[in-house]
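To start, the structure under review is shown below, and the notes come after it.
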Amino acid sequence: MNRLPFIDRRSLIKTAASGAAAALVLPSLSRPSWADETALSVFSPLPPDPAPPGAAKFSEEAFAAWQKANSAKVTYDMVAWPQLHDKMATAFASGEHVWDVVYMSGWVPELAKFLVPFAKNLPKELIDDLPKSSFSTVTWDGQSSGVVFTLSLLTLFYNTELLQKAGFTAPPKTWDELKNVAKECTRDGNYGWVLNYGDPAGIGGTASYWMCFLQQAGGKLYNEDGSPAFNSDAGILALQMMMDLMPYSDPGSISYVGINDATNVMTAGKAAMMMNWPFMWKSANDPASSKIVGKLAGALLPAGPAGSASIDGTDAWTITKTSKNPELATKLIEFYLDKDVQKRQAIDTGWLPIRLSVLSDPDVQKALPNAAVVLEQANHPYDSYVTPDYNEVTVALGTEINKALAGKSSAKDAIAEAANLVAAIVKKRG
Amino acid sequence: MAARQSILGRAGIVLALVVFVFAATGPIVWLLLSSVLQQQALTSIPPDLSPSSFTLANYLEVFSSAAQLGRAIINSLIVATFTTALAIILGAPAAYALARLEIKHAGTILLMVLAAQMFPAIVIAIPLFITASKLGLIDTKLLLILVYLSFNLPIVIWVLRGFFMGLPLGLERAARVDGASPLQTFLRIVLPISLPSLFAAAIFAFIEAWNEFFFALIMTRQTAQTVPLAISAFAGQYQTMFGQMMAAAAISVAPIILLTILLRNTILRGFADGMLKG
Amino acid sequence: MPSIELIDINKSYGAVHVCKGINLTIADREFVTLLGSSGCGKTTTLNMIAGLDDPTSGDILMDGRRVNDLEPVGRDVAMVFQNYALYPHMTVAGNMGFNLRLRNFSPAEIHERVGAAASALDLSHVLDRYPSQLSGGQQQRVAIGRAIVRHPKVFLFDEPFSNLDAALRNRMRAEVKELHLRLGVTSIFVTHDQEEALSISDRVAIMRNGSVEQFGTPEDVYADPETVEVARFIGTPQVEILECVIDRSNGSNTVLRCGSASLPITARQAVALGTRTEKVLVTIRPEYVTIGGQGTSATIRDVQPTGPSTLVKLGWEGSAIMARLNGIVRLTVGETAHFSIDPMQLMLFDNESGRRIKTKS
């Protein structure tokens, strides 16, 4: 989620797209084989980011069997996660058919007009097995255009050894405890707390972390009418909490590029606590990349005045409007969400399932001790507040929050200024 | 006194060269070092350089997990070589014509050439994508060659035009008196004495094509992926595999370094010839 | 039939008028020098004759045929450039044979012609070398060799010796002159060095500000300059120009008052001056000034022994004059001396136009 803030690029893509639509009417020449009747093209991130069977190494036999049974030929087009958005935005804007099934992460509202609202056609048995709130980030204007395939919520990760050294046997459960543990663990060149604050925008950017604290403080980002609701005590409290943690954090974290940088500090054993996504569990327990194997534990995010709350990573599958085979594409997504496939996804790749029944599966919980924590976190509120202009909004918010974190502005002023900026962006939304 | 001064002078020169060599090779050494360290050794503060931290696993993983890199290197070699060759073959005559021949509206042509490459990539990306898609060129090396040519050609034309204008007129006049046509003058006199600049322009074009990322990302799927894309594959959303990324980068810069070393003698000889007064 | 004729040639680069109505007629086998200081249009004129530049107006004729629209190769001219312009990537043989290769001569004939030219120019032992491996004089000879292998109708030389040292320059002059005598090819030579021009040419065209001031034999332009500028430009040392008032107060015996000194003139000169009352410009070659005994008194300002002669600068209020005395003469700067002139040799010029006031003979 360490996207560069391509604001200009985004607005340019939109402008260029309108011109381009009229620009070129060329005769279609040869049709490549991927446009064949039984071919399905899938746009996915490269592993180790969440990828489907055949792209990542799990359920490969089942995948082959599914293709045979449906006389389908699935081809994967994969790029590294940070490149997904620009590539898909260009392809969508061109109006050309490129893929049938496309991975999304919080971009559904932005790109909804290019997507088929297929979620309502999914079997009831499947929908009932998914967390209801998982649909909030793939729904825009009342239409659900995607289905989340991994439960990816921010939870607390902590280094048991460092906490013990500071005299703690249990993770912090409230904000006050969090501040105290962070303070006590900041010793011997180690930090009590680490997060990346270098990139303001996107899910995993500074603004998104603040949204966790905002919900924990009992606030919300938008009113029912879409206007900003965060210029409130809750909004200011949330930011103040982040500022209060700064003395126990790496001062350099305001220039970390992405969560990778914070994760590396944590896995190097130099920080006691952080918020992170479930995927961290697997890499932090790999001796090749981690010095804290066996020392990592997970917990609910500490509760603020309104209890615990989080945001979700919203990794979802969608179907493009240019697809010639939306029914087959729907079936493919159903296959991705098959119970067995979901189980192998969890055990083989470390990406948690989204199906509640698989999350509670003993095998899954045994392989991924963190699954129980994430499942419990899912019982508390989580909302990433994605909108078509999510990137602009988080740039505006994150930039003001970073100013406050760097000590250049007070929590109150930063939130007030951010509210002004977001109000202007929302107004443009119309 | 003079001897001592010259010893001091020599020491100064040697010192300056040592500093220069370190500055030039430092990043490459760091790249190579990073590529043979385990991730946890690399991300330790300070990096853990004990012998047990060193590993060739990064290279093995790069070769085994991403068979893409091998294909990407071949793709990049083909794309960069053809781009470079075409840019020079088309650019050098154009540059010479604009530098020396009396061409109507030469100024306008030059401005158009320059303007052609002033459009931000993102503005032309979508029209280009539609055109390429209609022509069935998406995910082909030909498309990348054409796209890279479109922004390398103007630069090659401008650079070489500047060089050609700086050539002493005498040689061309002598060739004209000797009875050479403008084309003969260009081919038999101007080109041979312009080798250093041609190589400089060629290396520039090659590196541009080798490193280009944005259009390679937009215009390829899997089969025409180039080196920068293959390297970017090691930087994901939650995890950056620095060691493997560095190993891939080390493998991918090798051709460029090799190319420069191979062409070094030609470039130097070219310079020596070029030094002679025209 | 004249070999080359320039008729009313004008050349402008934008607003800059470089050549202003040049007319020249060069005879077959003649060796002509275009002489002038830099910017006078001499090289431009040469380039137009070569076909490297197009005149803005006017005609260039060769053997009576208009050649304005012909390329250099069509005019059959060969040229030696100021900086030699040797092709650095070709050997000496390659340089000399390039024009023959372009005209598809057989390798045997190229070999023969290049060999002949090389032996004539003492280049046979360096045929395989590259220009950067040659001395300046050798490079110069290669440039000449490149011109003569073609057996052209006209040789053009653009300040070919300006990069050589004095000794080499003198030798090359002699070689070129000898070459011209031997080959008998019409040659046009551009230089800013008047001594070089006088020593090498059949005729010299002295150019100034884009025009030909005078076109004549070395003797003509030295002894009989048509303008004061030519008088000043030709000859070493440069002559002093005196501004003199015509004094007819002494009846028929007209004299020139030049500052505090009076110079006598001949009756013919007095006639030529007619009734003009304005000042005239006057000069005399130093060899017609003698020192000693009687005459006008002046102060010795400078003494330059040159070996066969001694140059003396004599001054008086408002003017100066040069004298050339035979042999080494011991004189002391600052002392007073008496000089006299040969009035026959006085040259008078119009103060306005600078043109010669000629006596009728």
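Structure data summary
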| quantity | calculated |
| --- | --- |
| Residue check for A:A89: within 14 Å of chain B (Cβ to nearest Cβ), part of a helix (DSSP H, G or I) and touching a residue at least 12 places away in the same chain (Cβ under 8 Å) | yes |
| Residues located in segment A:161-189, provided they are surrounded by fewer than 19 Cβ atoms within 10 Å (Cβ to Cβ), closer than 20 Å to A:E376 by Cα and of a type outside the set (D, E) | A:A170, A:K173, A:T174 |
| Yes/no for C:V312 being under 30 Å from the mean Cα position of the chain (by Cα) and surrounded by 14 or more Cβ atoms within 10 Å (Cβ to Cβ) | yes |
| Which numbered condition C:E112 fails, given (1) more than 14 Å from chain B (Cβ to nearest Cβ); (2) buried (at least 16 other Cβ atoms within 10 Å of the Cβ); (3) over 23 Å from the mean Cα position of the chain (by Cα) | (2) |
| Matching residues in segment B:164-183 - criterion: being facing chain C (nearest Cβ under 9 Å) and crowded, with 16+ Cβ neighbours inside 10 Å | B:G170, B:L171, B:E172, B:R173, B:A174, B:A175, B:R176, B:V177, B:D178, B:G179, B:A180 |
| Residue count for segment C:94-109, restricted to those that are within 14 Å of another protein chain (Cβ to nearest Cβ) and outside any loop (DSSP other than H, G, I, E, B) | 9 |
| Residue tally, condition open to solvent by 10 Å² or more (accessible area, probe 1.4 Å) and assigned to a helix (DSSP H, G or I), over segment A:347-374 | 12 |
| Output for segment C:335-357, where each listed residue is surrounded by 14 or more Cβ atoms within 10 Å (Cβ to Cβ) and among the polar types (S, T, N, Q) | C:S340, C:Q345, C:N351 |
| Residue within segment A:33-46 that is at pLDDT below 50, over 30 Å from the mean Cα position of the chain (by Cα) and under 19 Å from A:K321 (Cα atoms) present | yes |
| Test set (1) within 14 Å of chain C (Cβ to nearest Cβ); (2) farther than 30 Å from C:D76 by Cα; (3) not hydroxyl-bearing (S, T, Y) - B:R188 fails condition number | (2) |
| Members of segment A:276-290 that are among the aliphatic types (A, V, I, L, M), within 9 Å of chain B (Cβ to nearest Cβ) and touching a residue at least 12 places away in the same chain (Cβ under 8 Å) | A:M280 |
| Strands (runs of 3 or more DSSP E) within segment C:300-349 that include 3 or more residues in contact (Cβ under 8 Å) with a residue 60 or more places away in the chain, over 24 Å from C:T266 (Cβ atoms) and not β-branched (V, I, T) | none |
| Count of residues meeting criterion [in a loop (DSSP other than H, G, I, E, B), closer than 19 Å to A:A201 by Cα and open to solvent by 10 Å² or more (accessible area, probe 1.4 Å)] in segment A:232-263 | 2 |
| Residue within segment C:66-89 that is facing chain B (nearest Cβ under 7 Å) and over 23 Å from C:V190 (Cα atoms) present | yes |
| Hey, C:P264 within 30 Å of C:F157 (Cα to Cα) and either surrounded by 15 or more Cβ atoms within 10 Å (Cβ to Cβ) or more than 28 Å from the chain's Cα centre (by Cα) (or both) or not | no |
| Which numbered condition B:V177 misses (of (1) at pLDDT 80 or above; (2) under 30 Å from B:A57 (Cβ atoms)) | (2) |
| Entirely in segment B:101-197, the helices (runs of 4 or more DSSP H) that have 1 or more residues that are of a type in the set (G, A, S) and without any contact (Cβ under 8 Å) to a residue 60 or more places away in the chain | B:106-116, B:121-134, B:141-166, B:169-177 |
| Condition check for C:G145: under 19 Å from C:V185 (Cβ atoms), of a type outside the set (F, W, Y) and within 25 Å of the chain's Cα centre (by Cα) | yes |
| The lone exception for A:L126 - which of (1) within 27 Å of B:T220 (Cβ to Cβ); (2) open to solvent by less than 20 Å² (accessible area, probe 1.4 Å) it fails | (1) |
| Residues satisfying the stated conditions in segment A:264-304, i.e. in a loop (DSSP other than H, G, I, E, B) and in contact with a Phe, Trp or Tyr (Cβ under 8 Å, 6 or more places away or on another chain) | A:K270, A:A272, A:W277, A:P278, A:F279, A:P302 |
| Matching residues, segment A:264-275, being facing chain B (nearest Cβ under 8 Å) and open to solvent by less than 10 Å² (accessible area, probe 1.4 Å) | A:T267 |
| Residue within segment B:196-215 that is open to solvent by less than 50 Å² (accessible area, probe 1.4 Å), among the acidic types (D, E) and away from chain C (no Cβ under 14 Å) present | yes |
| The lone exception for B:G136 - which of (1) crowded, with 21+ Cβ neighbours inside 10 Å; (2) facing another protein chain (nearest Cβ under 7 Å); (3) of a type outside the set (K, R) it fails | (1) |
| In segment C:211-226, the residues that are farther than 17 Å from C:A27 by Cβ, of a type outside the set (D, E) and surrounded by fewer than 19 Cβ atoms within 10 Å (Cβ to Cβ) | C:S211, C:Y222, C:A223 |
| Residue match in segment B:47-55 (condition: at pLDDT below 85 and away from chain A (no Cβ under 14 Å)) | yes |
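For every residue, the table says whether it meets (1) in contact with a strand residue (DSSP E or B) (Cβ under 9 Å, 6 or more places away or on another chain); (2) more than 21 Å from C:P218 (Cα to Cα).
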site	(1), (2)
C:Y13	no, yes
C:S37	yes, no
C:T44	yes, yes
C:N68	yes, yes
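Every residue, every condition in (1) modelled with pLDDT under 80; (2) open to solvent by 60 Å² or more (accessible area, probe 1.4 Å); (3) assigned to a helix (DSSP H, G or I), yes or no:
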residue: B:A11; (1), (2), (3): no, no, yes
residue: B:W30; (1), (2), (3): no, yes, yes
residue: B:L42; (1), (2), (3): yes, no, yes
residue: B:I45; (1), (2), (3): yes, yes, no
residue: B:G70; (1), (2), (3): no, no, yes
residue: B:I73; (1), (2), (3): no, no, yes
residue: B:S76; (1), (2), (3): no, no, yes
residue: B:F82; (1), (2), (3): no, yes, yes
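For (1) surrounded by 23 or more Cβ atoms within 10 Å (Cβ to Cβ); (2) away from every other protein chain (no Cβ under 12 Å); (3) more than 24 Å from the chain's Cα centre (by Cα), each residue gets a yes or a no:
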position: A:I292; (1), (2), (3): no, no, yes
position: A:A299; (1), (2), (3): no, yes, no
position: A:P326; (1), (2), (3): no, yes, yes
position: A:Y336; (1), (2), (3): no, yes, no
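The values are calculated or read from the model by the stated rules, or taken from the named source; none is laboratory data. Quick caveat: nothing in here was measured; it's all calculated off a predicted structure. Cβ: placed from backbone, ideal geometry, glycine included. Neighbour counts: every protein chain shown. In case anyone asks, the SASA skips ligands and DNA or RNA and just uses the protein heavy atoms, side chains included. Shrake-Rupley method; radii C 1.70, N 1.55, O 1.52, S 1.80 Å.
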